[in-house]
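This report refers to the structure that appears directly beneath it.
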Amino acid sequence: MAGTAVLGRLTWQAAQVVDVVVETRHVKTITFDVPDWRGHRAGQHVDIRLTAEDGYQAERSYSIASAPDGSRLELTVVRIDDGEVSPYLTDELQRGDQIELRGPIGGYFVWEPSQGGPLLLVAGGSGIAPLMAMIRLRATAGSDAQTRLLFSSRSSDDIIYRNELDQLNGGGLQVVHALTDGQPPGWTGYARRVDAEMLAEVGPSPAERPRTYVCGPTPFVEAVAEALVRLGHNPRTIKTERFGPTGG
Amino acid sequence: MSIISRGFRRRRVADAPPDRVPPGQYVIRDFPVLSAGPTPHTPLEQWDFSIVGAIDEPRRWTWEEFRALPSQEVTRDIHCVTKWSKLDTVWQGVSVDTLLDGVDTSAEYVVQYSDGGYTTNLPLEDITGGKAWVAFAYDGEPLHSEHGGPARMLVPHLYFWKSAKWVRGLRLQTWDEPGFWETNGYHNYGDPWREQRYWGD
């Protein structure tokens, strides 16, 4: 449980938008260039700050979705319709714009390739973001840690990073999807909410002591974590991070 | 000098007096859940609350004994480091002053410890003098396990991670010992009015 070494204050830094990618109807990924970025660990987050012309400021936290990559980092943002910050990020922000950001933050919900596996990653919706940082780091670092991703989305159109996950699937990474609100013809993944039976089928057994990371909306995380404990997993091996509609 | 975001404007109605909302926070009406692991469920017959450490006679209450202590209803604003603040939250709890009544200790610090292994540290003076409670009800209802039931700490003048959920005791110490989030990048003290979110703030 060693903390991240943080040297001095996490100061606000200018972050320039270098790319905006549409992920799904409600979700975009924004790539920033942060010249003095000190690097991050997979699973950490940043705070962003927006300032209006009248001086009004709003801060929010977003998980970093990208593996460490020099001065680049990616945030995946869900548009909350009545939110204050997320509609600005998804609708207004354009290549070349700057915002302020500070981080990286958090030393607990993180994974390093040196920790190895097996890994059990369970994501609900945009909760995939910090887990994607781990999956991407696993790939770029050439880690052979046995990794299972169980990823719950509403419909097939709502699956974030779908193509990239398809490409990464295999070779020690097993990606399993669950769709809760309808499935396309020929769907071979799960067609229900994540439950204990599904976790037992997909995940390593408690005896294998997987490092487990669960991220998603609160009811999802509560249900998954409870099911894992009921299956016999040691609660101390289960790390959770919760997203709520609040935070938009 | 901050970067101005062209076209960005306040969308939330400023429905709270500014002197009640610390810097970088926004007011919400629901009650988000944040915790680092699975929610523990300790049966009440196995639950107890202890005061240990730098104390001559450690104290311990069963659930029944704890609930028989005098309690107070307190209404406070709470501030989470993840940026939300919730105003006028109503709790029922036992004041830490009641639990420490008559205790003679050389301790200057305290560690709250919880089911599930969570800990958080603070100066002893931050939980005495009517500043902290062990709360067992929220909004007139028994405290739900997601929010830390059967009992959690309430230390509303600090960021809310300093109010341990599922709390089982207080360890009085002569030295300061950073807790769970405090060793994971978060500020050792956590005053929302000074925006002490992270190490170095």
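Taken together, the values in this text are just the output of simple stated rules run on the coordinates, not laboratory data. In this text, all values refer to a predicted model and were calculated from it rather than measured experimentally. Here Cβ is always computed from backbone atoms with ideal geometry, including for glycine, and neighbour counts include all displayed protein chains.
Consider the range B:31-61. How many of its residues are in a loop (DSSP other than H, G, I, E, B), more than 18 Å from the chain's Cα centre (by Cα), in contact (Cβ under 8 Å) with a residue 12 or more places away in the chain and over 30 Å from B:Ser106 (Cα atoms)?
3
Count, please, the residues in the range A:174-201 that happen to be assigned to a helix (DSSP H, G or I) and either closer than 24 Å to A:Tyr108 by Cβ or in contact with an Asp or Glu (Cβ under 6 Å, 6 or more places away or on another chain) (or both). Please lay out each step first, then the result.
Residues of the range A:174-201 assigned to a helix (DSSP H, G or I): A:196-201.
Cutting the leftovers down to either closer than 24 Å to A:Tyr108 by Cβ or in contact with an Asp or Glu (Cβ under 6 Å, 6 or more places away or on another chain) (or both) gives us A:199.
Qualifying residue count for the region: 1.
Which residues, taken from the range A:17-39, are surrounded by fewer than 16 Cβ atoms within 10 Å (Cβ to Cβ) and assigned to a strand (DSSP E or B)?
Across the range A:17-39, the qualifying residues are A:Val18, A:Asp19, A:Val21, A:Val22.
To keep it simple, each residue is scored yes or no on (1) aromatic (Phe, Trp, Tyr); (2) surrounded by fewer than 21 Cβ atoms within 10 Å (Cβ to Cβ); (3) away from chain A (no Cβ under 13 Å); (4) in a strand (DSSP E or B).
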{"residue": "B:Asp104", "(1), (2), (3), (4)": "no, yes, yes, no"}
{"residue": "B:Val110", "(1), (2), (3), (4)": "no, no, yes, yes"}
{"residue": "B:Leu158", "(1), (2), (3), (4)": "no, no, yes, no"}
{"residue": "B:Trp193", "(1), (2), (3), (4)": "yes, yes, yes, no"}
{"residue": "B:Gln196", "(1), (2), (3), (4)": "no, yes, no, no"}
{"residue": "B:Asp201", "(1), (2), (3), (4)": "no, yes, no, no"}
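Which one is nearest to the chain's Cα centre (by Cα), of the residues in the range A:133-148 that are in a helix (DSSP H, G or I) and more than 11 Å from A:Leu119 (Cα to Cα)?
Once the filter is applied, the top-ranked residue is A:Ala133.
Would you mind stating whether A:Phe151 is touching a Lys or Arg at 6+ places or on another chain (Cβ under 7 Å), closer than 22 Å to A:Glu241 by Cα and of a type outside the set (Val, Ile, Thr)?
No.
Of all residues in the range A:40-71 being hydroxyl-bearing (Ser, Thr, Tyr) and assigned to a loop (DSSP other than H, G, I, E, B), which is nearest to the other protein chains (Cβ to nearest Cβ)?
My answer is A:Tyr56.
Looking at the range A:88-97 only, could you name the residues that are out of contact with any Gly (no Cβ under 8 Å at 6 or more places or on another chain) and crowded, with 17+ Cβ neighbours inside 10 Å?
First, the residues of the range A:88-97 that are out of contact with any Gly (no Cβ under 8 Å at 6 or more places or on another chain): A:89-91, A:93-97.
Of everything in the range A:88-97, those that are out of contact with any Gly (no Cβ under 8 Å at 6 or more places or on another chain) and crowded, with 17+ Cβ neighbours inside 10 Å turn out to be A:Leu89, A:Thr90, A:Leu93, A:Asp97.
Name the single residue that is surrounded by the most Cβ atoms within 10 Å (Cβ to Cβ) among those in the range A:149-175 being more than 15 Å from the chain's Cα centre (by Cα) and closer than 16 Å to A:Pro204 by Cβ. So that I can check it myself, show each step before the final result.
Start the filter on the range A:149-175 by keeping residues that are more than 15 Å from the chain's Cα centre (by Cα), which leaves A:154-157, A:163, A:166-174.
Next, from what is left, pick out any that are closer than 16 Å to A:Pro204 by Cβ: A:172-174.
Values: A:Gly172: 14, A:Leu173: 20, A:Gln174: 13.
In this case the residue turns out to be A:Leu173.
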